[in-house]
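Rule-based calculations on the coordinates, nothing more; no lab input. In this text the structure is predicted, and so the values were computed from the model without any measurement. Every residue, glycine among them, receives a Cβ derived from its backbone with ideal geometry; neighbour counts consider all protein chains shown.
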Amino acid sequence: MKFSKLHLSIFLFLVAFTAANSQEITEAWIKENYTKKEVLVPMRDGTKLFTAIYSPKSNAEKHPFLMMRTPYSCAPYGEDKIWGRLYQYYYKEYIKEGYIFVIQDVRGRWMSEGKFEDVRPFLENKSKPNEIDEASDTYDAVDWLVKNVENNNGKVGIFGVSYPGFYATMAAASGHPAVKAVSPQAPVTDWFMGDDFHHNGACMLWDGFNFYSTFGQPRPKPTTKGPINFPYYTNDRYKFMLETGAISNFTKLLGDSIEFWKVLMEHPNYDDFWKKRDARQATKNLKPAMLVVGGLFDAEDCYGAWRLYESIEKNNPNTSNKIVMGPWAHGGWGRSSGNYLGNVRFGSNTSFYYQKNIEIPFFNYHLKGMGNIDSLPEASIFFTGENKWRSLTVWPPKESKKMNMYFLPNFKLGFMPSPSQNSYSEYVSNPNKPVPYTEGTMEGRTREYMTDDQRFAAQRPDVLTFEMPTLAEDITVAGTLTAQLNVSISTTDADFIVKLIDVFPEKFQYDTTGYGIGNGKDYLMDSYQMLVRGEVMRGKFRNSFESPQAFEPNKATLVKFDLPDVAHTFKKGHKIMVQIQSTWFPLVDRNPQQFLDIYHCSDSDFVSSTIRLYHDVKYPSSIVLPIIK
């Protein structure tokens, strides 16, 4: 029997496809079945971006692209070297499907030409032919790929986690017709309001300094060499950051070389600099199908995932836009099983569920025409506590009803306000002895703190701890939390940290299926206090992030702010707890508790403040919970 060239190609593809699905994908397998090319792709202004392209050798069918643009390097460099994620992560499933993988160093990073700019602003109306932003760079890169890479099917999917999630958002705004599906994952969205370096105007000191002391180092020319880690003189970061003192001293440590840190210090308020860098500016008239992914316990970009989805939904009513939120730390759906985080167990391999049932079907449908997209719900949300995925038609759920949970005298919580007169709880906040964010020596900022036991904080006199009676039935919270605090302070500024906590029963039994908390022992320590959500508000921004205002000392004042969304069930037999404090160190930089420019203050400016939280008829304080009955 004589085979034609077409029949032979199909036969060889089927052999390769069967082999890919029947054996482990290894580096050697990829080298045998894929070709890697490294090219400099030209942009409209003449700048060339370094791009690694992994293409299947088989030409029996045309292949879609899956692309990631990154400031973190598309290493390993060299056409004989293979990116480890292609055979170590679930990305190998895309290799089995015959995707063309593309990883690109963004403008000004690593081996790409040009000048790097952090979260480069999106230009909605480009007035000059050579005017560029990250959306135009994506357009030019995609245009080159579909025209120059052999045997592609003209369809491009783009994804990325964290900073690459920002570039994925910009890719969706590129307008290139070949871009069919985009998945911003843990996407950097707004660096002032809630992602990475600021939360509600407060500087997230640990993450900001640790990141920019390395990432922010200048790169004078294309290079394969990475930055040098900052030389901390002690492994105890609490000690290092407290001894370093005011944030202006951190600026001195970095010197003149870290450009963006200096820029950050010159923009302490929510001005045009920050507003232009809000990725939501690029969410109008989006054409690709969107899949926004995030972690319920993402310490870096939890805000970005919720709020980007919300913005896309608002601005693009006719665009397919879906959201997935699982019980993960930053990027945990790609590099962990998702069975647990710290002490808290979730009862199943949540990452595998996401990969198999959501992300891979999403790209396969839009780029290969496989499957049925109708099977993917609008919102796939994992509810902790009950440890179940819920498929929802809208987020937040229509069933969610906002209910005030009031602070009451004697450190209690309830759904009815206090009838008391002149009732308050009080503490003294001393920024020179700040409340630590976790217990023990802090050698590295843990991901697990987002679910850590809060009993250590409840024992401090500068933390107010309020608790509900034991629940007689389940209470499910689904949506954005809002703190409404009537407070007074003896100084002119202060921070307010609100922590929503699930208090487990005494000697909570560990379930071998993975439900609950612990490491497999017969029972837990008594009454584990699981952090469900914590957030900071810089008090001077209570009325305006653009125009901060001083407090009038000892005058009752409303401080109202949102906390990122929650999807959690407080089980029958548990208790709901809320803690209020004014330092959370060294996660958050210390507020000197005086109304001044915190980024340029000195060590002598830090003073103690007596803080009252009112809970009476005239000045009720509460947390607004979106509750599903």
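Below are the figures for this structure:
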read-out: Segment 95-200: trypsin sites (Lys or Arg not before Pro) falling in loop per DSSP and having at most 12 other Cβ within 10 Å; value: LYS115
read-out: Net +/- balance of residues flanking ALA172 in space, Cβ distance below 14 Å, scoring K and R +1, D and E -1; value: +1
read-out: Projected label distance in nm at PHE456 and SER127, using a 7 Å step from Cα toward the beta-carbon; value: 5.4
read-out: Per-pair calculated FRET efficiency, R0 = 51 Å: ASN269 and GLU24 via Cβ, rounded to 0.05; value: 0.45
read-out: SER337/LYS388 FRET efficiency (R0 22 Å; Cβ-Cβ; nearest 0.05); value: 0.85
read-out: Mean-position separation - Cα centroids, segment 227-271 and segment 116-145, in angstrom; value: 31
read-out: Near-label residues of segment 24-49 by backbone N, under 17 Å of a point 7 Å along Cα→Cβ of GLU150; value: 32-39
read-out: Cβ-derived FRET efficiency at R0 22 Å, PHE352 paired with GLU473, nearest 0.05; value: 0.10
read-out: For peptides 213-223, 457-467, sequence by mean Cβ density within 10 Å, most packed first; value: 457-467, 213-223
read-out: Above-threshold pairs, the threshold being 26 Å between Cα atoms, out of LYS57/LYS155; LYS48/LYS96; LYS36/LYS221; value: LYS48/LYS96
read-out: Mean separation of Cα contacts under 8 Å, 6 or more apart, over the residue count of the chain: relative contact order %; value: 14
read-out: Identified option (computed mean projected area of the Cα convex hull in nm²; candidates (i) 27.1; (ii) 45.8; (iii) 29.8); value: (iii)
read-out: Karplus-derived HN-Hα couplings along segment 488-498 (A = 6.51, B = -1.76, C = 1.60, θ = phi - 60°), whole Hz, x at Gly and Pro; value: 9, 10, 7, 10, 10, 7, 6, 9, 10, 9, 10
read-out: Dipole of the chain, positive direction: furthest Cα of ALA141, SER622, MET530, with charges on the beta-carbon; value: ALA141
read-out: Given LYS62/LYS128; LYS402/LYS499; LYS262/LYS314; LYS225/LYS275, the pairs whose alpha carbons are separated by over 24 Å; value: LYS62/LYS128; LYS262/LYS314; LYS225/LYS275
